[in-house]
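First up is the structure itself, then whatever we jot down about it.
The numbers here are math on the coordinates, done by the rules we state, and not lab data. In this text the structure is predicted, and so the values were computed from the model without any measurement. Every residue, glycine among them, receives a Cβ derived from its backbone with ideal geometry; neighbour counts consider all protein chains shown.
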Amino acid sequence: MIREGIRETQELRRSMKERDVEYDREKKERDAEYDRDKKERDAEYDREKKERDAEYDRRMQEADRQIQETRRIAKKTSKDIGNLGNSIGRVIEHMVAGNNIIKKFKTLDYVIESHSRNKQFGHTLSPDMQGEIDLFLENGDIAILIEVKMTLEAKDVNRHKQTLERFRRFSDTKGDKRRFIGAVAGAVVEGDAEKVAHENGMYVIAQSGKSVEILQTPEEFKAKEW
């Protein structure tokens, strides 16, 4: 019985040792599997992070590029607007140089005593009586209100018509009962601008070489008094 007990004890120890060995082996496999999975997860995380960082950098560069482009366009637009303003100013200067346009209107029996540029008018609280006249020719009885454009189009004529109506309303509040005549001018006259202007009783002034000319009006034309 003693020998049998010793044998069983030895067998139990051997079995436990085998189980310990198996447990250690399985643990090492699990640890190795965990390490392998962790490395793969870490590698995947690093890869995704690099992709996210690269995408972020790309978007930031694109945003910077768009900002720079926007600034460039804004600067160019501002410059173009400035150039346009200067160009219109030069057209106006050319029109009045040597009393050029004044002499032209004199041939139509309009005697002009003075002129002014960029004449602003209106009441602050009355938008329907506000505006600006590019070139204002006047005497004691009459005033000619001229809208000047580099390229004159029909829409410019219609806008000037509205300006004339506003100026008439404003002048009435000031007791100014003079007759107002409308005219539009352009370095280039496009489309139906001339036709629309004449239909609304406005004179059309166009560049002609080194001078400016009042375009010939139709036989049925009659200057409208506003």
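Report relative contact order for the range 96-214 in percent, whole number only (criteria: Cα-Cα under 8 Å, sequence separation at least 6).
Working: 208 pairs, mean separation 27.0, N = 119.
RCO, the range 96-214: 23 percent.
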(message) Can you tell me which aspartates and glutamates have their Cα less than 20 Å from the Cα of residue 106? Leave out same-chain residues fewer than eight positions away.
(response) 93, 134, 138, 141, 147, 213, 219, 225
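In what sequence, highest mean first, do 46-55, 107-116 appear when ranked by Cβ atoms within 10 angstrom? Present the calculation step by step, with values, prior to reporting the outcome.
Values: 46-55: 10.0, 107-116: 12.5.
Put in order of decreasing packing, that is 107-116, 46-55.
Looking only at the chain, where both bridge partners belong to it, what percent of the DSSP beta bridges are antiparallel (to the nearest 5)?
Values: 17 of 31 bridges.
Antiparallel bridges make up about 55 percent of those DSSP assigns within the chain.
When the helix-only estimate is applied to the chain (DSSP H runs of n ≥ 4, each -39,500 (n - 2.57), divided by the residue count), what is the mean residue ellipticity at 222 nm, nearest 500 deg cm²/dmol? Don't skip to the answer; put the middle values down first.
Values: 4 runs with 129 residues, N = 226.
After summing the helix terms and dividing by the residues of the chain, the value is -20500 deg cm²/dmol.
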(message) Taking just the alpha-carbon atoms of the chain, what radius of gyration and Dmax come out, in angstrom?
(response) 43.9, 150
(request) Return the Cα extents of the range 96-214 along principal axes one, two and three, sorted largest first, each rounded to a whole Å. (result) 43, 30, 23
(message) Can you give me the long-range amide H partners of residue 144? Hydrogens built in the peptide plane at 1.01 Å from N, cutoff under 5 Å, separation of 5 or more residues or another chain.
(response) 137, 138, 181
(message) Explain nothing, just compute: Karplus ³J(HN,Hα) = 6.51 cos²θ - 1.76 cosθ + 1.60, θ = phi - 60°, for every residue of the range 18-35 in order, whole Hz, x for Gly and Pro.
(response) 5, 5, 4, 4, 5, 4, 4, 5, 5, 5, 4, 5, 5, 4, 5, 5, 4, 4
(request) Provide the FRET efficiency to the nearest 0.05 for the residue 71-residue 32 pair, computing r from the beta carbons and using R0 = 45 Å. (result) 0.20
(request) Quote to one decimal, in nm, the extra length available between residue 120 and residue 49 on full extension: 0.36 nm per residue of separation minus the C-alpha distance between them. (result) 19.4 nm
